[in-house]
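Note sheet for the following structure.
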Amino acid sequence: MYQLLRPILFKFDPEKVHNYTLGLMRLVGALAPLRGFVRQLFAPQATKPVQAFGLTFKNKIGLAAGYDKDGLAWRGLACLGFGHIEIGTITPLPQEGNPKPRIFRLPEDHAIINRMGFPGRGAQFVLRQLQGGKPRGLILGVNIGKGKETSIENAALNYVTLINTFAPIADYLAINISSPNTIGLRRLQNRDHLNSLLADIVIARDQKSKDLDKNIPLLVKISPDLTDQELEDALEAILGSGVDGIIATNTTTARGNLISSERNQQGGLSGKPLTSSSTEIIKKIHLRSQGRLPIIAAGGIMSANEAKEKLEAGAILVQIFSGLVFRGPRLIREIAE
């Protein structure tokens, strides 16, 4: 059904279609009969639980950050069968993000370019959306980032504020230091910046974990564009920090051999062109950490085969975004089963 609908949806502005989809899934999450119908239609029937970061995931597949930035539709999206959903990226205060248009489809390349720039309604709005019941068995991740107006030197203050806000309600927290669409953000992956940032963040997490008597896994999301030396430096900082895992990877600024008309748009590229580079990063992380750093794979997972490649490379879980846009909800069941 989705393959019939997709050509129609692709005739309209990508951001408007996305917001319409979120509205629809928010409605699903609010109405019990719709929740049951969608679960029956899409959710995987036979899956195997996964242990990671001290948590039990009902299956290996999750929804990557960026899809439901403000936590509007996560209860409805959970009915599609995800084992975990990552909300965000969330900033402390509301912000507009970059000027529109800022999402571009590349159908011939099975890819998307976005330059969103962390638009959102801010931490307090999202916190209200996450209050109340959580779908049974769902792991809820919260992805956090620094505000656009916050300097690199003061970035830790933003992350600490967001940890204190969301630690009571999130199952895990993900630190976004790798989006290419916030000026200067990727500088936080530099070893000196990262050592300092993670030291402050882990102290805040540990204190909150003690106060709440709760395990609060902390993950770091990295870029696929790191050189071997930059990756080595980042991993050295991460491995020595007390962080629980890594998400590999964010979108890329590389363009490669794209053929779609929008190929030269600025922003982060996701989808099929990212598949191999993301997998290579995962292999390097797994080898360098000797398997001590659990990895969630993201980037270019457009089929079950590509999910399998990520898992064989060393990942323990996978996340999709562009694959959901191009393949539709059936991709979730295909991977999970």
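The values are calculated or read from the model by the stated rules, or taken from the named source; none is laboratory data. This one's a predicted model, so the numbers in the text were calculated from it and none came from an experiment. The accessibility values were calculated without ligands, DNA or RNA, using every heavy atom of the protein model including side chains. Shrake-Rupley method; radii C 1.70, N 1.55, O 1.52, S 1.80 Å.
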To the nearest Å², the heavy-atom accessible area per residue of region 43-85 with 1.4 Å probe amounts to 30 Å²
Restricted to the chain, the DSSP antiparallel beta bridge percent, nearest 5, is 30 percent
A 1.4 Å probe over the protein heavy atoms gives region 12-84 a carbon and sulfur accessible-area percentage of 62 percent
Under a 1.4 Å probe, counting only protein heavy atoms, Met25 has an accessible area in Å², nearest 10, of 20 Å²
Any lysines whose Cα falls less than 25 Å from that of Lys283, other than same-chain ones fewer than 8 residues away, would be Lys48, Lys58, Lys60, Lys221, Lys272, Lys308, Lys310
Subtracting the Cα-Cα distance of Asn215 and Arg136 from 0.36 nm times their residue separation yields 26.6 nm
Cα-Cα pairs in region 197-257 separated by more than 17 Å, as a whole percent of all pairs, come to 48 percent
Computed over all unlike Cα pairs, the Kirkwood hydrodynamic radius of region 224-283 in Å stands at 13.0 Å
For region 75-234 the translational diffusion coefficient, Stokes-Einstein from a Kirkwood Rh over Cα pairs at 4 °C and viscosity 1.567 mPa s, in µm²/s, is roughly 77 µm²/s
Expressed as a percent, the portion of alpha-carbon pairs in the chain spaced more than 25 Å apart is 47 percent
One checks the Cα atoms of region 124-210 and finds Rg and Dmax, in Å, of 13.7, 41
Region 192-322 accessible area per residue, 1.4 Å probe, protein heavy atoms, integer Å², reads 43 Å²
One checks the Cα atoms of region 1-141 and finds Rg and Dmax, in Å, of 15.9, 44
DSSP beta bridges in region 48-190: the antiparallel percent, rounded to 5, is 40 percent
For region 192-200, in residue order, the Karplus 3J(HN,Hα) values (coefficients 6.51, -1.76, 1.60; θ = phi - 60°; whole Hz; Gly and Pro = x) are 5, 4, 5, 4, 5, 4, 5, 4, 5
Share of accessible surface on carbon and sulfur in region 93-218, whole %, 1.4 Å probe and ligands ignored, is 50 percent
